[in-house]
Amino acid sequence: MCSVCGCNKAEVTSDSMHKHAHQQSSSRLLEIEQNILAKNNYYAERNRQQLQSNGIFALNFVSSPGAGKTTLLTEIINQLKDQHAIYVIEGDQQTALDAARIRETGVKAMQINTGKGCHLDAHMVGHACKHLDMHKNAFLFIENVGNLICPAGFDLGEAHKIVILSVTEGEDKPLKYPEIFHAAELMIINKTDLLPHLNFAVQECCEYAKQINPDIDIIQLCATSGENIEQFGHWLIAGKAQFQSANNKHKL
């Protein structure tokens, strides 16, 4: 059944009636989608301006559920927190479990529960930023709701999106969900300790990601063991330095 107009219902008896109803519904849905995205982009730009004015390097972490976002964040926070101020926004449909895990590292975290919503939006993030009361020149890590689809289309005002792919998911994910891999600056292949037990083609996965986004950076690591976590730390520090240098030039 068509999710827009219910085309297998008994009252839809002719192709022309169905086509007309479908076109009207599709047009209305497109209008609503455009309005939602325009409103979100307005708030995202406000967030971006506020973050840039304070030198805050914001990163939007996106993955499927269970790919290891929270574990990765706790590990990288423990590596960087002595030299860098770090704040975290946690997005989940329910519970505050991930925010509690983040707070155990000693950094400040704000939980956003989206209910039935499948992604964070810019208005939610802007509201959370006010409550975090962040220091200047800090990192802001935004852990989005577990979902490779919807977060790709919603700008939060971040500097970059980071997509995390677990080796348990399959190497074809960049081809199946191209929008998020096209939008991301970095792909992290996580849980590499499991590779000896799986048929995951790492090289093919990297080639698929580059096919979608030739400029995407790729890091392979294991968040639970800490293997190669330093490379991710170096990427973050270099990205923050580049962001702040460009930001300072813009102010001159």
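The values are calculated or read from the model by the stated rules, or taken from the named source; none is laboratory data. Small disclaimer: the values here were computed from a predicted structure and weren't measured. When we count neighbours, we look across all protein chains shown, and the Cβ atoms used for this are built from the backbone with ideal geometry, even at glycine.
Structure notes:
- Contacts under 6 angstrom Cβ, first residue in segment 140-166 being more than 20 Å from residue 72 (Cα to Cα), partner part of a loop (DSSP other than H, G, I, E, B) and among the acidic types (Asp, Glu), 6 or more apart: 154/121
- First in segment 29-56 and farther than 24 Å from residue 137 by Cα, second anywhere and aliphatic (A, V, I, L, M) and at pLDDT below 95, Cβ under 9 Å, 6 or more apart: 29/4
- Any hit, segment 226-233, residues being surrounded by fewer than 14 Cβ atoms within 10 Å (Cβ to Cβ), over 17 Å from residue 136 (Cβ atoms) and hydrophobic (A, V, I, L, M, F, W, C): no
- Single condition residue 88 does not satisfy, out of (1) free of Cβ contacts under 8 Å to residues at least 60 places away in the same chain; (2) surrounded by fewer than 23 Cβ atoms within 10 Å (Cβ to Cβ); (3) in contact with a strand residue (DSSP E or B) (Cβ under 7 Å, 6 or more places away or on another chain): (2)
- Candidates in segment 109-119 are the residues that are outside any loop (DSSP other than H, G, I, E, B) and in contact with a helix residue (DSSP H, G or I) (Cβ under 6 Å, 6 or more places away or on another chain); of these, the one that is farthest from residue 150 (Cα to Cα) is 109.
- Scanning segment 62-78 for residues that are within 11 Å of the chain's Cα centre (by Cα) and either modelled with pLDDT under 95 or surrounded by fewer than 24 Cβ atoms within 10 Å (Cβ to Cβ) (or both) yields one hit, 64.
- The number of residues in segment 120-146 that are at pLDDT 95 or above and assigned to a loop (DSSP other than H, G, I, E, B) comes to 10.
- Check on residue 102, assigned to a helix (DSSP H, G or I) and either in contact (Cβ under 8 Å) with a residue 12 or more places away in the chain or small (Gly, Ala, Ser) (or both): yes
- Total residues in segment 164-204, condition in contact with a Phe, Trp or Tyr (Cβ under 6 Å, 6 or more places away or on another chain) and crowded, with 18+ Cβ neighbours inside 10 Å: 3
- Matching residues in segment 32-58 - criterion: being over 18 Å from the mean Cα position of the chain (by Cα) and either among the charged types (D, E, K, R) or at pLDDT 95 or above (or both): 33, 39, 42, 46, 49, 50, 52, 53, 54, 55
- Hey, residue 20 within 21 Å of residue 164 (Cβ to Cβ) and either at pLDDT below 95 or in contact with a helix residue (DSSP H, G or I) (Cβ under 7 Å, 6 or more places away or on another chain) (or both) or not: no
- Restricting segment 79-99 to residues that are on the phi < 0 side of the Ramachandran plot and in a loop (DSSP other than H, G, I, E, B), the residue that is nearest to the chain's Cα centre (by Cα) is 93.
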